[in-house]
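Read the structure below first, then the notes.
The values are calculated or read from the model by the stated rules, or taken from the named source; none is laboratory data. This structure is a prediction, so every number in the text was calculated from the model and none was measured. Methodologically, a virtual Cβ is constructed for each residue, glycine included, from the backbone with ideal geometry; neighbour enumeration extends over all protein chains shown. Surface areas here come from the heavy atoms of the whole protein model, side chains and all, with no ligands, DNA or RNA. Shrake-Rupley method; radii C 1.70, N 1.55, O 1.52, S 1.80 Å.
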Amino acid sequence: QIALNHAGISAGQANFLWVKLDWDDERQVYEVEFYSGNTEYDYEIDASTGEIRSYDISTQQQQNLPGTASGMIDEATALQAALDQAGLQESEIILAQNHLDRDDGRYEYEVKFYANNSEYDITVDASTGAVLSSEVQALPQITYDAPAAGAYISQNAAYEAALADAGVSRDSAVLLKAELDRDDGLMEYEVEFFSNGTEYDYTLDAKTGTILSQSQEATR
């Protein structure tokens with residue numbers, strides 16, 4: 001609404017691509033992108049104060065924008081194209097992302113979902129519905145009763161600590177990463193997981209389980 005007020009546009013006149021919560025210079029900001037007519041609006045808004053940190057307004061030469069008579073497919077059609085590519089049904093997946101983006105002047109849907117202990121990243125042409133790229137990556141597995149070598153907490157304990165801090169149950173989360181690593185001489189666990197439209201990123205002290213840093217990003 002802050003971006004719309006600044007642009008002097010009503011919600012009915014705007015075609016939104018996304019409103020996404022993100023981190024920038026250790027500060028949470030909203031990235032807002034939308035179109036009205038043949039004009040593109042990009043805003044970055046402080047998530048704490050509502051202050052507009054930056055904005056960019058550009059007019060397109062061609063009337064080939066979302067919501068115009070451009071023949072672009074909608075999100076549901078893009079998702080179905082991605083599911084067909086993966087050979088899956090919507091009931092079998094956990095959808096993490098399905099949004100319209102632009103790459104080299106072409107509009108594309110970036111579709112991400114989880115199924116069969118794998119992450120699927122599929123790009124769909126927004127004009128034709130053709131699948132432009134497809135990537136499948138296996139998700140990590142946790143051995144619940146196996147502690148890490150040395151005096152470090154287990155991978156499972158690190159994951160549980162991150163879940164507890166986020167207030168997310170294990171059953172509602174998809175584990176994306178749980179790795180023991182060294183940073184500036186300190187052994188740390190890097191834990192990432194997805195739940196209910198949000199990706200969580202944690203760093204924990206591998207000896208004590210203390211949370212050293214955490215961030216979260218809305219993916220839809």
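Could you figure out which of (1) among the hydroxyl-bearing types (Ser, Thr, Tyr); (2) modelled with pLDDT under 90; (3) open to solvent by 70 Å² or more (accessible area, probe 1.4 Å) isn't true of Thr219?
Among (1) among the hydroxyl-bearing types (Ser, Thr, Tyr); (2) modelled with pLDDT under 90; (3) open to solvent by 70 Å² or more (accessible area, probe 1.4 Å), Thr219 violates only (3).
If you scan the range 127-171, which residues turn out to be modelled with pLDDT of 90 or more and closer than 29 Å to Glu108 by Cα?
The answer is Thr128, Gly129, Ala130, Val131, Leu132, Ser133, Ser134, Glu135, Val136, Gln137, Ala138, Leu139.
What's the number of the only condition in (1) in contact with a strand residue (DSSP E or B) (Cβ under 8 Å, 6 or more places away or on another chain); (2) more than 22 Å from Arg27 (Cβ to Cβ) that Ala218 fails to meet?
Of everything listed in (1) in contact with a strand residue (DSSP E or B) (Cβ under 8 Å, 6 or more places away or on another chain); (2) more than 22 Å from Arg27 (Cβ to Cβ), Ala218 misses just condition (2).
So Tyr152 fits all but one of (1) aromatic (Phe, Trp, Tyr); (2) under 22 Å from the mean Cα position of the chain (by Cα); (3) farther than 30 Å from Phe34 by Cβ; what number is the exception?
Every condition holds for Tyr152 apart from (2).
Of the numbered conditions (1) more than 28 Å from Gln80 (Cα to Cα); (2) buried (at least 17 other Cβ atoms within 10 Å of the Cβ); (3) of a type in the set (Phe, Trp, Tyr); (4) at pLDDT below 95, Tyr202 fails exactly one; give the number of that condition.
Failing condition for Tyr202: (4).
Criterion first (open to solvent by 30 Å² or more (accessible area, probe 1.4 Å), closer than 30 Å to Phe34 by Cα and under 21 Å from the mean Cα position of the chain (by Cα)) does Arg170 satisfy it?
Numbers: open to solvent by 30 Å² or more (accessible area, probe 1.4 Å): yes; closer than 30 Å to Phe34 by Cα: no; under 21 Å from the mean Cα position of the chain (by Cα): yes.
Answer is no for this residue.
Tell me the strands (runs of 3 or more DSSP E) entirely within the range 139-210 that contain at least 2 residues that are of a type in the set (Val, Ile, Thr). Before the answer, list the steps.
Values: elements: 174-183, 186-195, 198-205.
Here the list reads 198-205.
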